[in-house]
1. Taking the residues in the stretch 260-296 that are in contact with a Lys or Arg (Cβ under 8 Å, 6 or more places away or on another chain) and open to solvent by 40 Å² or more (accessible area, probe 1.4 Å) as candidates, determine which candidate is nearest to the ligand (Cβ to nearest atom).
2. Looking only at the stretch 469-523, how many residues end up being open to solvent by less than 10 Å² (accessible area, probe 1.4 Å), outside any helix (DSSP H, G or I) and of a type outside the set (A, V, I, L, M)?
3. What do you reckon, is I462 open to solvent by 10 Å² or more (accessible area, probe 1.4 Å) and either in a helix (DSSP H, G or I) or within 13 Å of the ligand (Cβ to nearest atom) (or both)?
4. Right, I317: assigned to a loop (DSSP other than H, G, I, E, B), over 18 Å from the mean Cα position of the chain (by Cα), in contact (Cβ under 8 Å) with a residue 40 or more places away in the chain and more than 15 Å from the ligand (Cβ to nearest atom) or not?
5. Out of (1) surrounded by 24 or more Cβ atoms within 10 Å (Cβ to Cβ); (2) away from the ligand (no atom under 16 Å from the Cβ); (3) not in a strand (DSSP E or B), what's the single condition that is false for G371?
6. Out of all the residues in the stretch 385-399, which are of a type outside the set (V, I, T), open to solvent by less than 10 Å² (accessible area, probe 1.4 Å) and within 13 Å of the ligand (Cβ to nearest atom)?
7. May I ask you to say which residue of G402, G382 is of a type in the set (G, A, S), touching a Phe, Trp or Tyr at 6+ places or on another chain (Cβ under 9 Å), within 11 Å of the ligand (Cβ to nearest atom) and not in a helix (DSSP H, G or I)?
8. Assuming E248 fulfils every condition listed in (1) open to solvent by 30 Å² or more (accessible area, probe 1.4 Å); (2) at pLDDT 90 or above apart from one, which condition is it?
Amino acid sequence: MCGIVGYIGPRDATPIILNGLKRLEYRGYDSAGLAVLQAGKIEVRRDAGKLSRLTELVQETPVSGSPGIGHTRWATHGAPNARNAHPHLGSTKRVVVVHNGIVENFLELRDELTAEGVKFSSETDTETIVHLVEHHIASGLDLTEAARRTFLQIQGAHGIVLLSADEPDKIVCARIGNAGGVVIGLGEGENFIASDIPAILEHTRRVIFLESRQMAVVTRDTVQVETLDGMAIQPQVHSVAWDAVSAEKGEYRHFMQKEIHEQVRSLTDTLAGRVDFNAGRIRLPELNLTPGLARKIEKIYLTACGTAAYAGMVGKILIEKIARIPCALEIGSEFRYSDPIIDENTIVLAISQSGETADTLAAMEEGRKKGTRLWSIVNAIGSQAMRIADGYISMQTGPEIGVASTKAFTAPLVDLYMLAVLLADLRGGIDEKTRRALVADLRLIPALAGKVLSRDAEIEKIAYTLKDIRDCLYLGRGINMPIAYEGALKLKEISYIHAEGYPAGEMKHGPIALIDENMPVVCLAPKDPWHEKMISQIQQAKARGGMVIAVATEGDELVASLADHVLWVPETPWMLSPVVTVIPLQMLAYHIAAIRGLDVDQPRNLAKSVTVE
Ligand code: F6R
């Protein structure tokens, strides 16, 4: 889960790479580096730390030329120091590589290379790749064939980009398995390579996605795609609708803040083209869902990781309630070990912002192996989870850069609601009045989100009172129980405060012992079918001296009289309430972390897309 950028063309590669890496820094930020061909020699600049350190380094010792490749790293093998930073040069210093993934057989390969006299200068698995390429070049192969031979030797999943000082007219890249994408951006007399679209959006919107076990030879004017076995491929050129501006921070201090505040627009976009308010109907054409198929479905497995899995938990409730189809939510990393009982009447529905999360993709693969139909709800256009699915729903939220997911949580909640209504409709399991009412409720959602966002200053004030807490409990019931999990995840990942989400009804079975004056308790108590139960939960927490921060519906005097602080939300139809109740929790987490002076967009040890298992 590192970021990769490459450039070949008449311009200086250095600023193009630095800019591209800046947009990918969310993928990893332990170290960064670039390699540029300057006057026939490969010049490498790299160091530990964030991209700003690399930018300084390039200012201290400038480098310019083309082609060039760059990398921002999330360490897997070897500490995040300068020695282990990419790019890695071979012994001859004529070949250089950047890599995303793990060479699973690297110990074995390193032993073989060491026995041949190769000296390793880092602890990384990546370095084996460049030494192998050099080894094959020494035996008479050109860069392309030496790279191919190497790609066939290494095990695991990879995105790899290579260049050689002796063949300055090309860059060779490959994608093997699900270690993240390799995207080739097509320019005029220049071409770009990246692990992710935002890196190259300012230059082009015409892109080719490499599939697994494909490699490409990229020159200024041509892109030649082949399988690793040498079969030529006619790649499809995709047009990406995102623009570069949507990947900019604009007036906001952090991407996370911007993305929270973008939710009125992203929720509007999520509905666009899908909802026919006059007919009271939903259209999800990319799902390829027919009435015949809808009637055949006996079970839906929702699978995802982290925040996306919490969206899946809400989805399970919605689909079961509205479409009456049994659902199960299985965490992506567990799915394949749970030996799921699935057949051709089962759907595996993966939810993923990046569409590249290794565990979610592995769950999809398990579903494929067992002969089921695969669906996905994905944000990153052209990502693996979108491409391997039989049908998909695109989140339509634009790029999400902040590592903590926000707008890519609320969009799938709406997608899952729409899916539930569509399934119910196609199965003939819903009367017209109910269907129309459910569809009409969707119209309210963007404005309701906007109402919560307008309370930003109030929420920031509450955040000041909580900035020094060490622990926090989040409680919810029913459809807002997953929101307790999500609220706690948001707080812990960006503020490093220990936070737990819990089903409120489970408190009395143990966790209530934790509550005292040092344990703030966030209670999700909007006016939904579980409201009364949550009131008694708040009372129990207060009776034990806990400080209660309640998420409550505007005008709820009872909650206001019991809680120490209230995060107000507007009245919302209960099945859509998670879209609204999660927003103040996103804002609270954001403000607490920002007040603590933390790096909100790039929290420690995390990265945006987790392409390792
Ligand atoms: C938390 C967060 C992660 C992701 C998880 C899955 O804020 O962002 O928990 O939700 O890593 O990522 P995707 O959705 O890309 O599969």
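The values are calculated or read from the model by the stated rules, or taken from the named source; none is laboratory data. Computed from a prediction, not measured in an experiment: that's the story for all the values here. Cβ coordinates were reconstructed from backbone atoms using ideal geometry, including for glycine residues, and neighbour counts include every protein chain displayed. Ligands, DNA and RNA are stripped out before the accessible areas are found, and what is left, the full protein with its side chains, is counted by its heavy atoms. Shrake-Rupley method; radii C 1.70, N 1.55, O 1.52, S 1.80 Å.
1. If we take residues in the stretch 260-296 being in contact with a Lys or Arg (Cβ under 8 Å, 6 or more places away or on another chain) and open to solvent by 40 Å² or more (accessible area, probe 1.4 Å), then G273 is nearest to the ligand (Cβ to nearest atom).
2. First, pick out the residues of the stretch 469-523 that are open to solvent by less than 10 Å² (accessible area, probe 1.4 Å): 472-476, 479-480, 482-484, 486-488, 490-491, 494-495, 497, 499, 504, 507, 520-523.
From the residues that got through so far, the ones that are outside any helix (DSSP H, G or I) too are 472-476, 497, 499, 520-523.
Then keep just the ones that are of a type outside the set (A, V, I, L, M); that gives 472, 474, 476, 520, 523.
The qualifying residues number 5.
3. Numbers: open to solvent by 10 Å² or more (accessible area, probe 1.4 Å): yes; either in a helix (DSSP H, G or I) or within 13 Å of the ligand (Cβ to nearest atom) (or both): yes.
When the stated conditions are applied, I462 passes them.
4. Numbers: assigned to a loop (DSSP other than H, G, I, E, B): no; over 18 Å from the mean Cα position of the chain (by Cα): yes; in contact (Cβ under 8 Å) with a residue 40 or more places away in the chain: yes; more than 15 Å from the ligand (Cβ to nearest atom): yes.
Judged against the criteria, I317 is not a match.
5. (1)
6. Residues satisfying the conditions are A385, M395, P399.
7. Details: G382 fails: within 11 Å of the ligand (Cβ to nearest atom).
Just a single option satisfies the conditions, and that option is G402.
8. The single condition E248 does not satisfy is (2).
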